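J.: Before I ask anything, here is the structure I am working with.
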């Protein structure tokens, strides 16, 4: 595992809390050669990648490519794992560019009950309310509220429920649209 500097950790933490994992703007006081050096090392390690900036969305530019386009910085899954964010949760939240940054940051904290809930809902067979209740120590009404409120409305995840004759009602996150 790569040992990160305080600056690299700060860049990745802030990027993880932003919609689309945007790495910009960089922390105050980091500019010029120092910024280029820090970002260059992070790109080399695979913690951050340069991607085409979506100017229509107002994404900040890291570099201009010369023809009216530019690139921006995105924290990779490896970068998020390096700062301790659970990769299962990262995959569940991968496409959330329109969610509020504070909502994404709360969902990405490893070891939280919400992170455990998302991980259980991503299991191949899904999970039941009873199974979730045992794992996270919540009552059934709190679990259903978290699924409909936090996951569906705030995070925009597509959670579906199906009737299973053997297990009862099974909930799971559907990644396909």
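We did not get these values from a lab; they are worked out from the coordinates using the rules stated. Computed from a predicted model, the values in this text were never measured in an experiment. Here the Cβ is made from the backbone with ideal geometry for all residues, glycine too, and neighbour counts use every protein chain on show.
J.: Give me the distance between the Cα centres of the stretch 7-79 and the stretch 123-152, rounded to whole Å.
T.: The distance from the Cα centre of the stretch 7-79 to that of the stretch 123-152 comes to 35 Å.
J.: Which number do you get for Rg(Cα) / (2.2 N^0.38 Å) in the stretch 16-60?
T.: Dividing the Cα radius of gyration by 2.2 N^0.38 Å gives 1.20.
J.: Separate question: I need the shape label for the stretch 110-177. Rule: rounded when a/c is under 1.5, else prolate if a/b > b/c, else oblate, with a, b, c from the alpha carbon gyration tensor.
T.: It comes out rounded by the Cα gyration axes.
J.: Then there is this: Calculate the spin-label point distance for residue 34 paired with residue 113, positioning each point 7 Å from the Cα along the beta-carbon direction, and give it in nanometres.
T.: Once both label points are built, they end up 4.2 nm from each other.
J.: Mind giving me the FRET efficiency for residue 10 and residue 158? R0 is 35 Å, r the Cβ-Cβ distance, nearest 0.05 is fine.
T.: After rounding, the FRET efficiency stands at 0.60.
J.: Related question: Using a cut-off of under 18 Å, list every residue of the stretch 46-67 whose amide N is near the label point 7 Å from the Cα of residue 77 along the Cα-to-beta-carbon line.
T.: 46-51
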